[in-house]
Structures are given as C-alpha cells and as structure tokens.
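Read the structure below first, then the notes.
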Amino acid sequence: MTGRSGRRAAADNGAATTRGGTRAGAAPDLVPLRITAVSAAAVLLAQPVWAGLFITGQVSYLGAHGGGAFVALLLVLCQLVAVLVLWRPGHGSPGPVLYSVAELGLVITQMALGGARVLAVHIPLGVALIGTALLFARWACSDRGARRRGRAAR
C-alpha cells in the first residue's frame, strides 16, 4: 500500500485491530511498566520529605527514609524487568533499557552514599534521581513512549 494508510499498516506490524482502529489489547502490556515507573517516582518523591522530617528532629523518619530507599530499589528493578519484557519481543530501541539501568545504578549509588553519610553528594544526587524517575514515568505514560515501543497508547 502507499500513502497514509500504507504507513499506518506498516506501523501496526500486522497486529489485530478493533473496529475503532486501535490495536486490540495494547494497553495491558504497558501497565506493568507504567505502574512500576510511577510508583518508583512516587517513592523517590517521598524520600526528601522523610529525610526532612528526620532533620527536624523526628528521628523515626530515618527508618522510613531507609525503607523507602529499599522500596525504590525494588521498584526500579521491577521497572527494568518490565521494560526488558517490552523491548525484547519487538527488538525496539534499547534507550528505555539503558535509562532504567542508569536509574538502577543511581539508586544503588544513592543508597551507598546515604549509608556512608556522604551528604554532600547524597543530596544533589537525590535531586537528580528524582528528576530522572519523573522523566521516565512521564515518558512511560505518554503516547510518545507507547509509539516508540511500537505499541498503541491505549
């Protein structure tokens, strides 16, 4: 085919479509990635709140801050698995995989620096980590991110 419909057909890669023209069952494969990316970003956003409460004298929040770091680590690991599952079948761009690996490395580094009380690096790295997590969550939930993976957004 040629023209606009030919490009659309090529982009669908032969996927079954519904009457409305959207790919049937496209959203479920994105759900795990979206849940883990948004959850990781939410936990990482809570981290400075817990640290701030600890600094103001509420010592019990140091435990919440440490626990939040562990939860963030698990969520970013799950995010990496979810993005690997999406990447392998279509052999798409490795960009999201590399981004998730980098985010995982940042979380591990952040945990080590926090445990060693290297706050001069721990605090600015935490700001950068929150930014990367928010950007990835935004990308994972966007139509653009879905198109880059060769999937329909909804």
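Where a number appears in this text, it was derived from the coordinates with a stated rule and is not lab data. As the structure is a prediction and not an experimental result, all values here were calculated from the model. Cβ atoms come from the backbone with ideal geometry, glycine included; neighbour counts cover every protein chain shown.
Computed over the alpha-carbon atoms, the range 26-148 gives an Rg to Rh ratio of 1.02, Rh here being the Kirkwood radius from the mean inverse distance.
Each of residue 135 and residue 111 was given a label point 7 Å from its Cα along the Cα-to-Cβ line. The distance between the two points is 2.3 nm. Applying the Karplus relation 6.51 cos²θ - 1.76 cosθ + 1.60 with θ = phi - 60° to the range 52-67 yields 3J(HN,Hα) values of x, 5, 5, 4, 7, x, 8, 4, 4, 6, 5, x, 5, 5, x, x Hz, where x marks Gly and Pro.
A crude spin-label estimate for the pair residue 142 and residue 120, with each label 7 Å from Cα along the Cβ direction, gives 3.6 nm. Projected label points at residue 42 and residue 59, each 7 Å from Cα along the beta carbon direction, are separated by 3.1 nanometres.
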